[in-house]
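Values quoted throughout were computed directly from the atomic coordinates according to the rules given, and no laboratory measurement underlies them. Given the structure is predicted, the values throughout are model-derived calculations rather than measurements. For neighbour counting, all protein chains shown are included, and Cβ atoms are generated from backbone atoms with ideal geometry for every residue, glycine included.
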């Protein structure tokens, strides 16, 4: 894999530079999980959902302004791998340009330390990466669980929140 060791969000990571590999990863997300990384528009809340939020107590998270990414935990050629795929595809943050627009997202392989990583293989998490103002510390916010163990996660919101809490407690992004 054509990679470059970089400092990414306060930790070491490997920037994947090969566009064919990026293309294959994006195609795999689309084919296997129906996730279109290049045409992401966020959430749209309709009036019925907003009325329900007003009637019952909910924990609701809105976009924080951080860097939108996917955290994909997969077996890549038999090796457990954690990839961060940047969803901020625009002219200002470009690495691969075609007619002024990035055609492939930034993809960084990071190291995750957890005893039960196998429980999360073939899982895709929607996350935001934020840097605290006037600080060098980075925060990873889990915003959604899209795929768990290779299957779209379609369970209740409460089950999703409980799994996100479990994942958050299990994970330790290595700081080196």
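What is the order of 166, 106, 154, fewest Cβ neighbours within 10 Å to most?
Exposure proxy ranking, most exposed first: 154, 166, 106.
I'd like to compare 146-152, 112-118, 9-15: which one has the highest average count of other Cβ atoms within 10 Å, and what's the full order after that?
In decreasing order of mean packing, 146-152, 112-118, 9-15 become 9-15, 146-152, 112-118.
Using Cβ contacts closer than 10 Å as the measure, can you line up 156, 67 from fewest to most?
156, 67
Just rank 167, 153, fewest to most, by other beta-carbon atoms within 10 angstrom.
With the sparsest Cβ surroundings first, the list reads 153, 167.
Give the separation of the Cα centroids, segment 1-26 to segment 110-176, in Å.
19
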